[in-house]
1. Taking a temperature of 37 °C and a viscosity of 0.692 mPa s, what whole-number D in µm²/s does Stokes-Einstein yield for region 117-169 with Rh from Kirkwood over alpha carbon pairs?
2. Can you give me the P(r) profile for region 1-107? Cα pairs, bins 10 angstrom wide beginning at 0, each as a whole percent.
3. Given a Förster distance of 22 Å, report the FRET efficiency between Ala72 and Ser95 from their Cβ-Cβ distance, rounded to the nearest 0.05.
4. With the crude spin-label approximation of a point 7 Å out along Cα→Cβ, what separation in nm comes out for Ala203 versus Arg79?
5. At 1.4 Å probe size, with no ligands or nucleic acids counted, give the accessible surface of Thr47 in Å², nearest ten.
6. Between Asp110 and Glu55, what is the label-point separation in nm under the 7 Å Cα-to-beta-carbon projection?
7. Please report, as a whole percent, how much of the solvent-accessible surface of region 135-207 comes from carbon and sulfur atoms (probe radius 1.4 Å).
8. By how many nm would the segment from Arg13 to Asp34 grow when fully extended, if each residue of separation counts as 0.36 nm and the alpha-carbon distance is taken off?
Amino acid sequence: MQLDVVDLLEFYRTPLGRVAAGILSRKLTEFWPDTKQDRVLGLGFPTPYLGAFVEGSERVFAFMPAGQGIFAWPKEGNRSAVLVDETALPLPDSSIDRLLMVHTLEMVNDPLATLQEAWRVMAPGGRIIIIVPSRGGLWSRLEASPFGFGRPFSRGQLQKLLRNALFSPERWDGALYLPPSTSRMMLRSANAIEKAGQKFWPALSGVIVAEATKRLYQGLPVANKAKSSRQLRPTLVPASTRQNHNPVTPDDAKNSFFCCHRHRAVGQ
């Protein structure tokens, strides 16, 4: 299910959306404290989180899937938001150093094809961060936020998907332990709840945050073929004896040996 860009914008303008964006932005800067001279791409609906990477990075882009829609970003200066097909990004191979996916994999029709296309445009050793709703968290079960739409993931499912797309998972974390509530008291306590959640109930995070690197090669399994214990040994049997099914006598075997030996000598 692909959410409309208007719905996403409305959520991030609410108090709950602003708190969620603040929590996740701090998490992202923990993962990537320095993107100096890097080319950073955000795919999905990444604009609430790209602000932390604008200063110092070589370039920052926001690619939004065609089924979702787009809005002008940033508000000032040159526009860096582009409407794309997530499985055919308008970029050359190995052109991006860092890639952030948020509101992407849970929404698209083919998550593997989307990750494979991300692999194509990333530079060797490039790093990707993926934020997806957690299957075991509250945020994926309630429609109070965009994380309640689409398909949630478990850590094992996301890890398998990354490896199938030739990414090596490097770091895992959780975020949004705060229930998706509009209560003012709950929102004011968001930071305290977040710290307590990471310490006491890490499995109940609202989203999974995974970082992976682009793998440059794929190993192929080698079949282990055991040697057969049966070994074939030649037996010299005269043709006339084979046809009549008679037992082979010592004289027959001797004559057969000399016959074969003589023919081989003539052939040489």
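The values are calculated or read from the model by the stated rules, or taken from the named source; none is laboratory data. Keep in mind the model is a prediction, meaning the values are calculated, not measured. A quick note on method: Cβ atoms are made from the backbone with ideal geometry, for glycine too, and the neighbour counts reach across all protein chains shown. Remember, those area values only see protein heavy atoms, side chains included, never the ligands or the DNA or RNA. Shrake-Rupley method; radii C 1.70, N 1.55, O 1.52, S 1.80 Å.
1. 264
2. Answer for region 1-107: a P(r) of 14, 48, 35, 3 percent.
3. My answer for the efficiency is 0.40.
4. Each label point is offset 7 Å from its Cα along the Cβ direction, giving 4.8 nm.
5. Rounded to the nearest 10, that gives 20 Å².
6. Here the answer is 4.1 nm between the modelled labels.
7. With neighbouring chains kept in place, the figure for region 135-207 is 53 percent.
8. Working it through step by step, the gained length comes to 4.8 nm.
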